[in-house]
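Shown next, in structure tokens, is the structure this report addresses.
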Amino acid sequence: MWKALLKKQFLELINVYFPKKKAGKKRSAGAVAGFLILFILIFLSLGGSFYAAATMLASAMLPMGLGWLYFALIGSLSVFLGVFGGVFSTYASLYLAKDNDLLLSLPIPPRRILLVRMTAVYAAGLVYSAVAWLPAVICYLQFDASVPAAVFSLLLTFVNAFLVLVLSCLLGWAVAAVSSRLRRKNIITMILSLGFLAVYFFATSRMNRMLTGLTQNAGKLGEAVRGKLWPLYQLGLAACGKALPMLCWCCLVLALSLLTYWLLSRSFIRLATANRGAKKAVYHAGQSKASGLDAALLRKELRRFLGSPVYMLNCGIGVLMILICAVMLLIKASSIRETLALLLRSAPPLVKSILPAAGVMAACALSGLAPITAPSVSLEGRSLWVLQSLPVPARSVLRAKERLHLLLVVPPIVLCCLALAFVLEADAVSCLLMLVCVTLFSALLADLGLMMNLLKPNFTWTNENVPVKQGLPVVVCIFGGWFLSLLCLGLCALISKALDARLGMAAEAVVLAALLLLLKRWLKTKGCRIFEEL
Amino acid sequence: MLHIEHLTKTYGDKRAVDDLTLHIASGEIYGFIGHNGAGKTTTLKSIAGILRFDSGEIVIDGHSVREAPIECKKRIAYIPDNPDLYDFMTGIQFLNFIADIFGLSAEVREARIAEYAGAFELTEDLAQPVAAYSHGMKQKLAMIAAWLHEPKLILMDEPFVGLDPKASHLLKTMMRSFCDAGGAIFFSTHVLEVAEKLCDKVAIIKNGRLVKAGTMEEVKGDESLESVFLELED
């Protein structure tokens, strides 16, 4: 039974990243290898930034003999990241899977269903926490390459992921417990998730100050942690290769994991089968309003977006960040100007001239965090037949998905762009070029997401996390967006150096427009054909 | 109304539908029976324009499904065996979505929703999210959506599964009235008694090939439809 359940979970995971396009067609080895290389590259690029932060900490702490504090801090960070990575999905993964009824009807103890689903949460937590932990281990081993330290610190990658599991599951359980009593569970999921996000961004915005503070006050901090946070002290010592602390830490994590499992298994059936929507809404005639085909399709897309906290939070977070960015730019305009003036005092003129383009591309990179179209085809799921059986051209369906993206992303990014132009005191032509670039970039990202999802659709998901959070189109869209914004900035810098910064931005706009036209043409022809044949 | 000529559809090496030819006229309720995996759903999905077929031709009211799929879809309604509707919409939002797609005015849709939802006793539940509907309620909502735009041809895959006896009786009455008013219905079923009583014509499919088709009398003669079906299956 265990084997069968784990195999099901494993197949589900495999299908997320390597979905079969159609029954009977094998995945090509080249495609599998390509995806693997892409994931490794993403892992390495994220790991690189954590390696840089770890080096800063290590150079300050290790010479003072505070290796344990170094690991205690990195361990806390990696666990935090692991929990953050799973915060939007644990509730859905544990309690809202579409195979709930099927599995509960089979002779499987519910606690086993829970345990198998927890393995998926563990796997996600392992990946997220390892991104921060492993670079720190590599960094540490350059200072102390002893065998116990190497073995224990690597083993702790897997042990710490259990702590991530514990915290993620408790959070998911809390959301499930509260939302089972509410009619609109979306609200509580949104509030909790946004609250968590706010804490995360507050912490990351102060990361530099925190790191500096930590390196300057490492000795005092070490004393405080040793005295008041005994488990973290044990974790630090364990990672440095001490056997007894390793045993203590493992026992502690194991005990917490078992306790969490026991706690969750007691309420699993009740929460997984909770009847949400206790108060019944009654329909009264006379509420209907007629609208056109395009408006109906757009409204449908908007309803799907607003009706799914998972979709909204994972693909709409970029929109929120752009808005926050725009507001912050306006509020802090004068201090940003002063800081920039100070920083750019001795900078070459080229840097000053491409500042608007750099700002625009930063805003564009932020909009990459709103890959709204990327899971939109997969989200049709088993109800795809509705659109396919209706007299709706495929182009209209795809256009509605694209329009939703533009509707949600373009207004905030234009606002952000105007705020940026205000801060940088850009002239009218530069401001216009900035607006053109961000609008084109947003449209391009919308079409890129659609194209990727048409090429790699997944209709067999058991919960929305699969296409929204873990799907390949989303990954490609986010990182592709970042990559593209860097390329554009590079192009702009080259042309600015040779000619003029405004020409650089104009060239950027031309390239974006050309790419957009190509994508639009593809969607209009091949994209529509693919959608009709899905 | 519906002309299927030499329809063939394969999945890999398997021929799901093999050289199927059928003609359905206005006013006819045409039953489609066969064992599981015989090719009924594939045929219905091909007619509805959901599946691309390999060869043959399907013509609905003079329009080819291959050449003019949108024109065909304007004239039909399709109800699958397991109607997975939009869980993120309420019942009324779903019906309004369908009405918008078919360009129905607010007055016309209000009147039809009132009529059909009232008949299926679903009016009060229309404000509920589809996610909260039972299988039977989803089936009823799909029926209302199908009748909403007054199609010329209705395709149904196992329409009686999940319906309560009252709704089942109502559906049979609606099917008869629809065809008496000039519409046509092509539906698959495993309930042979229903097919025998309700259908004007019936087709039996086995391993993708049509084995018998015609009026009920032509197909079953003096025997019951069940015994004819079982004989053909052996």
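The values are calculated or read from the model by the stated rules, or taken from the named source; none is laboratory data. Being a predicted model, the structure only gives us computed values, none of them experimental. So basically every Cβ, Gly included, is an ideal-geometry build from the backbone, and we count neighbours across all protein chains shown. The area values use the complete protein model at the heavy-atom level, side chains included, leaving out ligands, DNA and RNA. Shrake-Rupley method; radii C 1.70, N 1.55, O 1.52, S 1.80 Å.
Points worth noting:
- Answer residue from segment B:112-145, given it is open to solvent by 20 Å² or more (accessible area, probe 1.4 Å) and under 20 Å from A:Arg303 (Cβ atoms) and is farthest from the other protein chains (Cβ to nearest Cβ) among those: B:Met137
- Any helices (runs of 4 or more DSSP H) falling wholly within segment B:133-234 and containing at least 2 residues that are out of contact with any strand residue (DSSP E or B) (no Cβ under 9 Å at 6 or more places or on another chain) and either acidic (Asp, Glu) or modelled with pLDDT of 90 or more (or both): B:135-148, B:165-180, B:225-233
- Of the residues B:Gly56, B:Gly103, the single one that is surrounded by fewer than 23 Cβ atoms within 10 Å (Cβ to Cβ) and within 9 Å of chain A (Cβ to nearest Cβ) is B:Gly103.
- Some residue of segment A:82-90 being β-branched (Val, Ile, Thr) and under 20 Å from A:Ala52 (Cα atoms): no
- If you go through segment B:74-97 and keep only what is assigned to a helix (DSSP H, G or I), open to solvent by 20 Å² or more (accessible area, probe 1.4 Å) and either within 17 Å of B:Ser134 (Cα to Cα) or within 8 Å of another protein chain (Cβ to nearest Cβ) (or both), you end up with B:Lys74, B:Gln93, B:Asn96.
- For segment B:11-26, the count of residues that are buried (at least 19 other Cβ atoms within 10 Å of the Cβ) and hydroxyl-bearing (Ser, Thr, Tyr) is zero.
- Among residues of segment A:298-317, those that are over 13 Å from A:Thr373 (Cα atoms) and modelled with pLDDT under 85, counted: 6
- Residue satisfying condition, being in the same structural domain as A:Ala421 (by TED's automatic domain parsing), over 24 Å from A:Pro411 (Cβ atoms), modelled with pLDDT of 85 or more and buried (at least 23 other Cβ atoms within 10 Å of the Cβ), within set A:Gly471, A:Gly449, A:Gly527: A:Gly527
- Selected residue (criterion: farthest from B:Glu110 (Cα to Cα)) from residues of segment B:62-73 that are in contact with a strand residue (DSSP E or B) (Cβ under 8 Å, 6 or more places away or on another chain) and open to solvent by 50 Å² or more (accessible area, probe 1.4 Å): B:Arg66
- Residue match in segment B:34-41 (condition: more than 14 Å from chain A (Cβ to nearest Cβ), open to solvent by 20 Å² or more (accessible area, probe 1.4 Å), in contact with a helix residue (DSSP H, G or I) (Cβ under 9 Å, 6 or more places away or on another chain) and part of a loop (DSSP other than H, G, I, E, B)): yes
- Selection count, segment B:169-193, where residues are in contact with a helix residue (DSSP H, G or I) (Cβ under 8 Å, 6 or more places away or on another chain) and polar (S, T, N, Q): 2
- Candidates A:Leu330, A:Leu344, filtered to the one that is assigned by TED's automatic domain parsing to the domain that holds A:Leu415 and loosely packed, with under 14 Cβ neighbours inside 10 Å: A:Leu344
- Residue match in segment A:94-117 (condition: free of Cβ contacts under 8 Å to residues at least 60 places away in the same chain and closer than 30 Å to A:Ser59 by Cα): no
- Count of segment A:311-327 residues which are within 14 Å of chain B (Cβ to nearest Cβ) and open to solvent by less than 20 Å² (accessible area, probe 1.4 Å): 1
- A single entry from A:Leu154, A:Leu192, A:Leu171, A:Leu182 fulfils the requirement of being over 23 Å from A:Met56 (Cβ atoms), modelled with pLDDT of 80 or more and of a type in the set (A, V, I, L, M): A:Leu171.
- Exactly one residue out of A:Ala97, A:Ala120 is at pLDDT below 85, under 25 Å from the mean Cα position of the chain (by Cα) and either more than 22 Å from A:Leu11 (Cβ to Cβ) or in a helix (DSSP H, G or I) (or both): that is A:Ala120.
- Restricting the first member to segment A:235-254 and to residues that are on the phi > 0 side of the Ramachandran plot, and the second to residues that are open to solvent by 10 Å² or more (accessible area, probe 1.4 Å) and part of a helix (DSSP H, G or I), the beta-carbon pairs closer than 6 Å and six or more apart or on different chains are A:Gly241/A:Pro148; A:Gly241/A:Phe152.
- Failed item in (1) over 14 Å from A:Ile372 (Cα atoms); (2) within 10 Å of chain B (Cβ to nearest Cβ); (3) open to solvent by less than 50 Å² (accessible area, probe 1.4 Å); (4) modelled with pLDDT under 90, with A:Ala295 passing the rest: (4)
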